[in-house]
Number of protein chains: 2
Amino acid sequence: MLDHRYRSQRAPINLSEAIIPGLCAGCGARHIGLCDALSDEDLHFLASVSRPLTVQKGQTFVVEGDAARSFFNINYGVAKLYKDMPDGRRQITGFVSAGDFVGLAADSCYAFSAEAIQEVRMCRFDRTELRNVFGRFPAIEQRLFDFASHELVVAQEQMLLLGRKTAVERLASFLDGWHHRLSHTEDSNSGRALPMTRADLADYLGLTIETVSRALSSLRKLGVISVAADHGVSVLQSTRLAEIAQAAGSSSAKIQPMA
Amino acid sequence: MLDHRYRSQRAPINLSEAIIPGLCAGCGARHIGLCDALSDEDLHFLASVSRPLTVQKGQTFVVEGDAARSFFNINYGVAKLYKDMPDGRRQITGFVSAGDFVGLAADSCYAFSAEAIQEVRMCRFDRTELRNVFGRFPAIEQRLFDFASHELVVAQEQMLLLGRKTAVERLASFLDGWHHRLSHTEDSNSGRALPMTRADLADYLGLTIETVSRALSSLRKLGVISVAADHGVSVLQSTRLAEIAQAAGSSSAKIQPMA
DNA sequence: TGTTTGCATTGATTCAAGTCAACTTCGAAG
DNA sequence: CTTCGAAGTTGACTTGAATCAATGCAAACA
């Protein structure tokens, strides 16, 4: 319900890529919060501080520790953000898709790496121009602020997941969240295969691929989801899934002893 | 080193509490990023949208799910932010102290609860006035944006900790971070007892109190820390502690086989 | 058409952290 | 001074997820 603000904002404008390189055709400027008509001067300015960028599946476009020169706004596709430990352990901190900003969690250097798990198209902004962009388009600053606040809410939710939930609860939480995310995007075909591999899920949920697989089997056996031949996951009972995710119904509704 | 921006900014101004109820005596407006002289009109405005607030140790001042009407800036003391599950499991998402903002991770409702673990003094702002405050003091908006970005970096770091680190690594990471945090605050008496209980540590690190205790014993036996009679923790070898926290030296410098 | 290869699933076993329980210490209350 | 209770430590045992290992399966390829 919250994602709505970030994902399903349809603007009447439809600026071609030829005019504003940084903004994709078809979606215009809606992703970055610009919904009003823009002056020629504004268009020229936007074109000067942003560039379109397409990265292929598997390609890394942000490397943890590199100087944080760019700031991205995703137009199409899904990418994973992650942190690696020297011995190879990896934690995926989030998946980003259309409308999301990438590059907030950065000071002089990026605090994470980013890799496309599908073909990803985005606008790249020069980070040094960010203040200027904000000055000219306060709507973008506000939108970015709201996005950051929302990311913090999501991050706290994820900390609860990683610190306190069981494997099955983690899977249920993720599937529940992804399900909602899809329903707010145009392509609400909830029966689709997930764009990420089991390894990505494991790295996101703080588990191993084997445990992810077993947890999916558990949920399947409970009749809450179904797993297709291509490993795609469909939610059959979304309410039940949400209950498992929040551990509701199991002990929150604990019967009070009479004594 | 990053905390420096948020914690050790000393402004020459020293506005009394009588003039601006929302700003504490002694620190003036530096916490919220106001370092220039303010006009009478500005002072009056600030007084109208903010109020000073003191909460005692153990007192909860933000409840998850409540309407997010206020926004806080901590002046003194330490508070814990946390999320609870219906069956009692708890995850502390962070500890906040002087200079920190509380209330970012909120939409219409707070996404977390907050409880003072020491006496805490803070400024409370009306959230509906936030836009007006930003409009009048762009420095605050910028500071808040920087703070939010930094919180995201910290949150991602914590996700890595909760998802992938061992108990000892988690403790080492926390102690290393707290050690740095202290060194940037005025009272850099690194031999101090931690303000939080073992239970708080456990809820922050996704462990049980017994495991926290055992991990502290491990680090003590390694000679990296010492634990005082009052359970206060002192760092003896900060470099070693940081290495353990990042799992460096164990396998990152793995010797490459000759073959 | 068979082979390879990358994912995914499932089973057997191990292990790090959780659970249960005993004990210590210390400060506050009586 | 004694008692009490909260907080912390340590030990014995259990368990949920990790690890190790085998197998399935379909797309890519020779």
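Read-outs throughout are calculated quantities, based only on the coordinates presented, and are distinct from any laboratory measurement. Just so you know, these numbers come straight off a predicted model, no measurement behind them. Methodologically, a virtual Cβ is constructed for each residue, glycine included, from the backbone with ideal geometry; neighbour enumeration extends over all protein chains shown.
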How do the strands (runs of 3 or more DSSP E) wholly within the stretch B:71-162 filter down when requiring 3 or more residues that are over 27 Å from B:SER173 (Cβ atoms): which remain? B:120-126
Under 6 Å between Cβ atoms, which residue pairs at least 6 apart in sequence (or on different chains) link something in the stretch A:143-168 that is at the interface with chain B (Cβ under 7 Å from one of its Cβ atoms) and crowded, with 20+ Cβ neighbours inside 10 Å with a partner that is part of a helix (DSSP H, G or I) and polar (S, T, N, Q)? A:MET159/B:GLN158
Could you list, in sequence order, all residues of the stretch A:198-210 that are near DNA strand C (Cβ under 9 Å from one of its atoms) and surrounded by 18 or more Cβ atoms within 10 Å (Cβ to Cβ)? A:ASP200, A:LEU201, A:ALA202
Where the second residue is part of a helix (DSSP H, G or I) and more than 11 Å from DNA strand D (Cβ to nearest atom) and the first is within 14 Å of chain A (Cβ to nearest Cβ) and lies in the stretch B:199-225, which pairs have Cβ atoms under 6 Å and are six or more apart or on separate chains? B:LEU205/B:ARG170; B:GLY206/A:GLY163; B:GLY206/B:LEU162; B:LEU207/B:ALA167; B:THR211/B:ALA167
Selection count, the stretch A:226-239, where residues are away from DNA strand D (no atom under 16 Å from the Cβ), without any contact (Cβ under 8 Å) to a residue 40 or more places away in the chain and closer than 16 Å to A:THR197 by Cα: 0
For residues that are more than 29 Å from B:GLN59 (Cβ to Cβ) and away from every other protein chain (no Cβ under 11 Å), scanning just the stretch B:133-142, find the one that is farthest from the chain's Cα centre (by Cα). B:ARG136
If we keep just the residues of the stretch B:55-87 that are within 8 Å of chain A (Cβ to nearest Cβ) and not aliphatic (A, V, I, L, M), which is nearest to A:LEU152 (Cα to Cα)? B:LYS83
Taking the stretch A:108-128 and the residues there that are over 28 Å from A:MET85 (Cα atoms) and surrounded by fewer than 16 Cβ atoms within 10 Å (Cβ to Cβ), the one that is nearest to the chain's Cα centre (by Cα) would be A:ASP126
The condition from (1) within 21 Å of A:SER183 (Cβ to Cβ); (2) in contact (Cβ under 8 Å) with a residue 60 or more places away in the chain that A:GLY77 misses is numbered (2)
Of the residues in the stretch A:160-174 that are among the aliphatic types (A, V, I, L, M) and in contact with a helix residue (DSSP H, G or I) (Cβ under 6 Å, 6 or more places away or on another chain), the one that is nearest to DNA strand D (Cβ to nearest atom) is A:ALA167
